[in-house]
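Quick note: the coordinates plus some simple rules give every number you see, no bench work behind them. A quick note: this is a predicted structure, and the numbers were derived from the prediction, not measured. Ideal geometry is used to build each Cβ from the backbone, glycine not excepted, and the neighbour counts take in all protein chains shown.
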Amino acid sequence: MIIDVHYHIRTDDKGLDAESIEWRVNWLAGLSTKMGVKVSADQIRKQVVETLVDPDGEHMLQWMDETGVDVVVAFPVDNIEGPYAAEDAIIKWTKAVADIANRNPDKVVAFAGVDPRRKNAPQLLKRYVEEFGMKGVKYHPDLGFYPDGEESYAVMEVAAEYGLTLLSHTGQLNPPYRNKYAHPIYLDDLAVDFPEVKIIAAHMNNKSWQDWAVLASMKDHLYGDLAMWQFHAEADYDRFCRALREMIDTAGPDKILFATDAPGFEPIIPSKRWIEIMRSLPENASPGTSFTTQEVDAMLGGNARRALGL
């Protein structure tokens, strides 16, 4: 079983004006150039325009069939300073994601994007769970809040009450994101004070993954996902193998969960290619590293299945 714990789904085009689309295209083009992947800006633009908005989840479900992903964790992203600042807008988006999951309960697990800076964020999360059936919470703290801040604690109390999972961004991103909020150390207090909440550090703090791995080794319910690590695997495979081996050895073989961050990076590294890289690790690991089939199967789905109670 392959479980992707990190899938962004947009169900409308709010905030997607020509300028924001070009920013995304240029960012992806820059990434492809750094990795030596030959993809033109026109190719990227075409795929972004065709796949970024997915009102009924049909593109996501087709993508799952094509890549072999069995289950995805899908979510919106809440930001009180963005185009979904209005409460009715984020509720509408959240409801649309929940509807997709409720129509496909064996394939889609819906998390609610929550910005804890909203004055009624705890009440919103209760509504998302009770009325919409959401199974977890997605934080993007690099938008301007600390995951262990006072407002977040009020949200986490609701998460603990309902047995939800928290998926929180960690690691570095380009402006306008503020990286000081996204260090995994700010998940440490949450892991201590909410032991009933499974916590997933998205991206495992990226290039500074050691900070996440040491924390995860001390917390049974702190996990990390491999979203964006396809770039490291493609750009420097030997370095990726060494890092992944050390992650497993430091954090534990049950702590790493497969993720794609789809559909955003499909124009550069298709998720099917990313899965192939992971699948081939036992045969193709770089010199000095090794991976067992059991370890790969655990990362691709077994760990997430246990962590999410699927």
Candidates Trp229, Trp23, Trp212, ranked by Gaussian network fluctuation over the chain, Cα under 10 Å, top entry
Trp23
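Assigning unit charges at the beta carbon (Lys, Arg +1; Asp, Glu -1) and nothing else, what dipole magnitude in debye, to the nearest 20, does the chain show about its Cα centre?
On the way: 32 positive and 48 negative charges, 74 e Å.
The dipole of the chain has a size of about 360 debye.
Inverting the mean 1/r over all pairs of different Cα atoms, compute the Kirkwood radius of the stretch 83-201 and quote it in Å. Mind dumping the intermediate values first?
Working: mean 1/r = 0.0689 Å⁻¹.
Hydrodynamic radius (Kirkwood, Cα only) of the stretch 83-201 equals 14.5 Å.
What order do you get for Tyr186, Tyr139 when you list them from fewest to most C-beta neighbours inside 10 Å?
Values: Tyr186 20, Tyr139 30.
In order of increasing Cβ crowding within 10 Å: Tyr186, Tyr139.
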Among Val155, Gly136, Tyr186, whose Cα lies farthest out toward the positive end of the dipole of the chain, if unit charges sit on the beta carbon of Lys, Arg (+1) and Asp, Glu (-1)?
Tyr186
Using a 10 Å cut-off around each Cβ, can you sort Val109, Val25 from fewest to most neighbouring Cβ atoms?
Val25, Val109
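At a 10 Å Cβ-Cβ cut-off, how would you order His203, His221, fewest neighbours first?
On the way: His203 27, His221 18.
In increasing order of surrounding Cβ atoms, one gets His221, His203.
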Direction-averaged shadow area of the convex hull around the Cα atoms of the stretch 192-244, nm²?
3.6
Counting Lys and Arg as +1 and Asp and Glu as -1, each charge on the Cβ, what is the dipole of the stretch 107-191 about the Cα centre in debye, to the nearest 20?
380
What are the semi-axes of the equivalent ellipsoid of the stretch 24-135, taken as the square roots of 5 times the eigenvalues of the Cα gyration tensor, listed largest first and rounded to whole Å?
29, 20, 11
Here D for the stretch 135-227, in µm²/s, from Stokes-Einstein with a Kirkwood Rh over Cα pairs at 4 °C and 1.567 mPa s, works out to 101
Each residue of the stretch 281-293 in order: what ³J(HN,Hα) in whole Hz does its phi give by Karplus 6.51 cos²θ - 1.76 cosθ + 1.60, θ = phi - 60°, with x for Gly and Pro?
4, x, 8, 10, 4, 5, x, x, 10, 7, 9, 8, 4
With 20 Å bins from 0: P(r) over the chain, alpha-carbon pairs, percent:
35, 61, 4
Counting all C-alpha pairs of the stretch 240-310, share separated by more than 21 Å (%)
27
Could you give me the radius of gyration and the Dmax of the stretch 41-88, taking only the C-alpha atoms into account and expressing both in angstrom?
13.9, 37
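Let me know the charge dipole size of the stretch 158-226 about its Cα centre in debye, to the nearest 20, where only the beta-carbon of Lys, Arg (+1) and Asp, Glu (-1) is charged.
Values: 5 positive and 8 negative charges, 76 e Å.
Approximately 360 debye in magnitude.
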GluC sites (Glu not before Pro), restricted to the stretch 131-216: which are DSSP loop and have at most 13 other Cβ atoms within 10 Å?
Glu196
Contact order relative to length of the chain, as percent, for alpha carbon pairs under 8 angstrom and 6 or more apart
19
Mind jotting down the three principal axis lengths of the stretch 163-310 based on Cα atoms? Whole angstrom, largest first.
41, 36, 28
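Before anything else, pin down the relative contact order of the stretch 109-194: Cα pairs under 8 Å, at least 6 apart, normalised by residue count, whole percent. Please report the intermediate quantities before stating the final value.
On the way: 118 pairs, mean separation 26.6, N = 86.
Reported relative contact order: 31 percent.
DSSP loop trypsin sites (Lys or Arg not before Pro) in the stretch 1-71 with at most 11 other Cβ atoms within 10 Å of their Cβ, which ones? Walk me through the intermediate numbers first.
On the way: sites: Arg10, Lys14, Arg24, Lys34, Lys38, Arg45, Lys46; in loops: Lys14, Lys38.
The qualifying sites are Lys38.
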Summing -39500 (n - 2.57) over every DSSP H run of at least 4 residues in the chain and dividing by its residue count gives a helix-only mean residue ellipticity at 222 nm, to the nearest 500 deg cm²/dmol, of -13000 deg cm²/dmol
